[in-house]
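Notes to accompany the following structure.
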Amino acid sequence: MRFAPAAAALSLVLATTASVGWSADRDPSPRAGVLIAEGRAALEAGDTQAAIDAYEAALAVDPGYTPIFIMLADAARADQLQGKAIRYYREALAREPRNLAAIAGEGAALVEKGAIEKARGNLARLESLCGEICPETQALSATIAAGPQPRMATAEIVLPDVQEPQSN
């Protein structure tokens, strides 16, 4: 009886470790794989909304496949929705805390929002996980060095056609 609490704790730790390790290395379900391919094609064609729709459908089909969150975040960034992208990257990181693509993507989205110091925190985290020669580290470092790109709001004024009254 006195070993029961220790045995329960050990079995819980082993079950958690096994489930995390299994989820990181698996492929998506076949239907989700088709939807992911559709999303990639739409994103490459510049149709970010169609890509987001396909990725969201893939997530509904296979909610346990973490890379879908990163794909959704990348599509949101392409659509200039950095806040939404950061939320997706953080969901991926909640599932896989050492996911280098999610850490780098979140850092890039933070730079795009102007949060350079927070992005530097992501860079430090990447450097501690994979070093300075890691592709994710180098990409985020270059993004931070470039700084946030200025966003320009454009407005177009369209005046209605006004016809002058005709005199007889």
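The values are calculated or read from the model by the stated rules, or taken from the named source; none is laboratory data. All of these numbers come straight from a predicted model, not from anything done at the bench. Cβ placement follows ideal geometry from the backbone for every residue including glycine, while neighbour counts extend to all protein chains displayed.
Looking only at the range 64-110, how many residues end up being among the hydroxyl-bearing types (Ser, Thr, Tyr) and touching a Lys or Arg at 6+ places or on another chain (Cβ under 7 Å)? So the answer is 1.
Within the range 75-85, being out of contact with any Ser or Thr (no Cβ under 8 Å at 6 or more places or on another chain) and surrounded by fewer than 23 Cβ atoms within 10 Å (Cβ to Cβ) holds for ARG77, GLN80, LEU81, GLN82, GLY83, LYS84. Is the range 110-128 home to any residue that is more than 14 Å from the chain's Cα centre (by Cα) and farther than 23 Å from GLY83 by Cβ? Yes, the range 110-128 has at least one match. For the range 56-75, the condition of being farther than 20 Å from GLY33 by Cα and not in a helix (DSSP H, G or I) holds for none of the residues. Within the range 87-111, take every residue that is surrounded by 23 or more Cβ atoms within 10 Å (Cβ to Cβ) and in contact with an Asp or Glu (Cβ under 6 Å, 6 or more places away or on another chain) and give me the one that is nearest to LEU35 (Cα to Cα). Applying the filter and picking the extreme gives TYR89.
Pull up the range 43-53, narrow it to residues that are among the small types (Gly, Ala, Ser) and over 15 Å from the mean Cα position of the chain (by Cα), then point me to the one that is surrounded by the most Cβ atoms within 10 Å (Cβ to Cβ). Even if it seems obvious, please write down each step before you answer.
From the range 43-53, those among the small types (Gly, Ala, Ser) are 45-46, 50-51; that's our starting set.
If we keep only those that are over 15 Å from the mean Cα position of the chain (by Cα) too, we end up with 45-46, 50.
Values: ALA45: 10, GLY46: 9, ALA50: 16.
Only one residue fits best here, namely ALA50.
If you go through the range 94-136 and keep only what is in contact with a helix residue (DSSP H, G or I) (Cβ under 6 Å, 6 or more places away or on another chain) and among the β-branched types (Val, Ile, Thr), you end up with ILE103, VAL111. Annotation note: of SER167, SER141, the sole residue that is modelled with pLDDT under 90, surrounded by fewer than 16 Cβ atoms within 10 Å (Cβ to Cβ) and out of contact with any Lys or Arg (no Cβ under 7 Å at 6 or more places or on another chain) is SER167.
Checked across the range 80-94, the condition of being closer than 23 Å to CYS130 by Cα and assigned to a loop (DSSP other than H, G, I, E, B) holds for no residue.
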